[in-house]
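Encoded as structure tokens, the structure appears first; notes follow it.
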Amino acid sequence: MALFLLFLFSRLLLADDTVVITADRIKTDLHKSTSNIILLDNKTISEANAQTLPELLRDNSDIHIANGSIFLRGTDSSHVLIILDGVPLNDPSNPNRSFDISRLSLNNIKNVQILKGAQGLLYGANAIGGVILLTSHTQATTHTTGSSFLSYGTYQTINFGVNAQKKIDIHQLSIGAEYFGTKGFSAANSLQNLNADADGEKRSTLNLHLISDFNSHQSTELSLRYNHSLLDLDNCGGPGCDDLINQLTNEELFSHIQFNQIWDNELNETHFYFNRGKYSHLNHSSTSNSLNKGEINSFGINHSNFFTDNFTQNINFEFAKETNQLQQSNENTSLFVYHKYDKGNWISNFGTRVDHNKIFGDHFTYKAAVANQLSPAQLLRLAYSTGFTAPGLYQYLDPVYGNSSLRPEKSYTLDLGHEWTTGSTQLHTTFFMTKIYDRFTYIAVLKKTINTGVSYINGLEESFNTNFSKTSMTLLTFKLLRRPQTLLKNTFFYHELSFESEYIGNRLDYNELGNIVNTPAYFISHLNYSYNDYFLKIKNIFNTEYEEVYGYGTGGRIITVGIKKSF
């Protein structure tokens, strides 16, 4: 009864049968998809006044973010694939190939799609938990349009940027630039480190997106994004971890080139693409200096056959190569075939994929999903999908820490979901069960990552939305490292004011000695207010003391004021 009453005070995500999503590789009506997908459109991003991706994702209960790591449905940060304009961002120079989303700017981003559950079929490795896709602004007119923003807040934090779109002849151009700087707070919790120094950050982002429509059947796309950041760090969390010298310089360049061909009968379309991601991380501390570099290059062909109005087939071939600063490399060739059948009240998706990897050989993944439109207001979904996580170059080939016997993690996920929509109200319920074999575990004594058996991640997601609030909950059956068993989040809306509360249950974590400790649960609230072009944000209104990760600082109450102008 208490849970039912909680859900009676929730916000609406307005139902719009014309909203089309692409996260499933085949264009699909958002409210008729067999997959569990969240769409955050341009209006949602703008109203959130968010500076980075973590701020935008904060009110989704199935997502927990801690110190730049993202945990989706209780899976590891290395199990979530981040894709920007077709380019996978997961970093081959990172030991576990995860990507730090805390420095991912939202400037010039049109929408974000969150695809939940194992997605090995559609996206290959590192998608056991799901995929987050970001898309830049693409549409432009002959008149220059865009926006600019400026904000200032606690810790002398300043953020400003601009983006603009314009159509020139056959070309649609979208560009953006942003700067973020803060003096920050101590990364190592100042309560455990006396006289701890502030750890600041400076970050610059440049992006460009260009579409050239040669005719109604042929076009090209070019996407570029450059990130540069300088961060002050500490050595670890907990007592004695503060470091006055530790600094990290990051440079990242992502590029995507694509040629699109719609064939004469308009029943088939083909996309030829090339992706490149380059990473450089220079770390300078009081004890050592290190330079980590990584690069991923891939090219592929994606072809869609629209056999009938009801039946679509998608075929994708891709070759990818990644390297690191030691010039160690790995190659992967993949082929998948995916189908969608939509007839009457039934929608189904099914397909299979094969990956041939230079290091670990062949790996097969598949997905089968079905949905039934029980009534105009109700949709029932059932999906079974598989995924895998490939060993990173560091985990497999490093001279000291590598383990050449490491096998890929393999996962199996079952989703059962129900969606009920009436007028301006939505209720979503999803049960999920994920089983992961050959889990990666770092053993400090061995200085290596090894495979350690089977893990189970089972849970329940519930969300209830109305036009004045948004409430969501995620419950997991087991305690997991840095992931809470209970996540409760609620946001109330009143005109231009939103008040958000979140309860994060206790988590297991490691302390500075490598021992497992319990990190206490916490409850914090945030406020977001807009008036014409001005906005005010207060994070952690009541200045609650809490830790996302054991021993690391969280900054207390943070106030930001700013202005946004559209033109």
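The values are calculated or read from the model by the stated rules, or taken from the named source; none is laboratory data. Source: prediction; values computed, not measured. A quick note on method: Cβ atoms are made from the backbone with ideal geometry, for glycine too, and the neighbour counts reach across all protein chains shown. For the accessible areas, the whole protein counts, side chains as well, though only heavy atoms, and no ligand, DNA or RNA atoms are used. Shrake-Rupley method; radii C 1.70, N 1.55, O 1.52, S 1.80 Å.
Some notes on this structure:
- Any hit, segment 545-553, residues being over 29 Å from Lys43 (Cα atoms), open to solvent by 20 Å² or more (accessible area, probe 1.4 Å) and out of contact with any strand residue (DSSP E or B) (no Cβ under 7 Å at 6 or more places or on another chain): yes
- Residues in segment 211-226 that are polar (S, T, N, Q) and surrounded by fewer than 20 Cβ atoms within 10 Å (Cβ to Cβ) were compared, and the one that is modelled with the lowest pLDDT is Ser216.
- Test for Ser334: is it under 30 Å from His281 (Cβ atoms), touching a residue at least 40 places away in the same chain (Cβ under 8 Å) and in contact with a Phe, Trp or Tyr (Cβ under 9 Å, 6 or more places away or on another chain): yes
- So Leu248, is it among the hydrophobic types (A, V, I, L, M, F, W, C), surrounded by 15 or more Cβ atoms within 10 Å (Cβ to Cβ), within 30 Å of Glu331 (Cβ to Cβ) and out of contact with any Gly (no Cβ under 8 Å at 6 or more places or on another chain): yes
- Test for Thr386: is it over 26 Å from Thr75 (Cβ atoms), of a type in the set (Val, Ile, Thr) and either in contact (Cβ under 8 Å) with a residue 40 or more places away in the chain or open to solvent by less than 30 Å² (accessible area, probe 1.4 Å) (or both): no
- The set of residues in segment 508-556 that are over 30 Å from Ser566 (Cβ atoms) and either among the basic types (Lys, Arg) or outside any loop (DSSP other than H, G, I, E, B) (or both) comprises Leu508, Asp509, Tyr510, Ile516, Val517, Asn518, Thr519, Tyr522, Phe523, Ile524, Tyr552.
Matching residues to (1) of a type in the set (Lys, Arg); (2) open to solvent by less than 50 Å² (accessible area, probe 1.4 Å); (3) in contact with a helix residue (DSSP H, G or I) (Cβ under 6 Å, 6 or more places away or on another chain); (4) assigned to a strand (DSSP E or B):
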{"residue": "Leu194", "(1), (2), (3), (4)": "no, no, no, no"}
{"residue": "Asp197", "(1), (2), (3), (4)": "no, yes, no, no"}
{"residue": "Gly200", "(1), (2), (3), (4)": "no, yes, no, yes"}
{"residue": "His209", "(1), (2), (3), (4)": "no, yes, no, yes"}
{"residue": "Leu230", "(1), (2), (3), (4)": "no, no, no, yes"}
{"residue": "Asn235", "(1), (2), (3), (4)": "no, no, no, no"}
{"residue": "Asp243", "(1), (2), (3), (4)": "no, yes, no, no"}
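- Which numbered condition Gln327 misses (of (1) touching a helix residue (DSSP H, G or I) at 6+ places or on another chain (Cβ under 6 Å); (2) open to solvent by 20 Å² or more (accessible area, probe 1.4 Å)): (1)
- Sole residue being open to solvent by 20 Å² or more (accessible area, probe 1.4 Å), touching an Asp or Glu at 6+ places or on another chain (Cβ under 8 Å) and either charged (D, E, K, R) or over 27 Å from Ala125 (Cβ atoms) (or both), chosen from Lys479, Lys447, Lys435, Lys470: Lys470
- Being surrounded by 15 or more Cβ atoms within 10 Å (Cβ to Cβ) and of a type in the set (Val, Ile, Thr) is true of Thr182.
- Pair list, Cβ < 7 Å and 6+ apart or interchain, from segment 118-140 residues that are within 21 Å of Tyr226 (Cα to Cα) to residues that are surrounded by 23 or more Cβ atoms within 10 Å (Cβ to Cβ) and hydroxyl-bearing (Ser, Thr, Tyr): Ser136/Ser174; Ser136/Ser223; His137/Ser174; Thr138/Ser174
- Evaluation of Asn275 against (1) at pLDDT 95 or above; (2) surrounded by fewer than 19 Cβ atoms within 10 Å (Cβ to Cβ) (one fails), failing number: (2)
- Of residues in segment 14-31 being outside any loop (DSSP other than H, G, I, E, B) and either in contact with a Gly (Cβ under 7 Å, 6 or more places away or on another chain) or surrounded by 14 or more Cβ atoms within 10 Å (Cβ to Cβ) (or both), the one modelled with the lowest pLDDT: Ile21
- The sole residue among Phe464, Phe492, Phe499 that is buried (at least 16 other Cβ atoms within 10 Å of the Cβ), touching a residue at least 24 places away in the same chain (Cβ under 8 Å) and closer than 20 Å to Pro54 by Cβ is Phe499.
- Applying a threshold of 6 Å to beta carbon distances and a minimum spacing of six or more residues, or different chains, the list of pairs starting in segment 143-166 at a residue that is closer than 15 Å to Thr52 by Cα and ending at one that is outside any strand (DSSP E or B) reads Asn159/Gln51; Gly161/Asn107.
- With respect to the conditions (1) under 26 Å from Lys321 (Cα atoms); (2) aliphatic (A, V, I, L, M); (3) touching an Asp or Glu at 6+ places or on another chain (Cβ under 6 Å), Ile211 lacks only one, and its number is (1).
Residue by residue, here is whether (1) open to solvent by 30 Å² or more (accessible area, probe 1.4 Å); (2) modelled with pLDDT of 95 or more; (3) touching a Lys or Arg at 6+ places or on another chain (Cβ under 8 Å) holds:
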position	(1), (2), (3)
Ser334	no, yes, yes
Val354	yes, yes, no
Phe364	yes, yes, yes
Val370	yes, yes, yes
Pro376	yes, no, no
Leu380	yes, yes, no
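- All positions within segment 306-324 that are open to solvent by 20 Å² or more (accessible area, probe 1.4 Å), in a strand (DSSP E or B) and over 17 Å from Pro88 (Cβ atoms): Phe306, Phe311, Gln313, Ile315
- Verdict on Gly277 being touching a residue at least 24 places away in the same chain (Cβ under 8 Å) and either more than 30 Å from Ser190 (Cα to Cα) or not small (Gly, Ala, Ser) (or both): yes
- Scanning segment 284-305 for residues that are open to solvent by 60 Å² or more (accessible area, probe 1.4 Å) and assigned to a strand (DSSP E or B) returns His284, Asn289, Leu291, Lys293, Phe299, Ile301.
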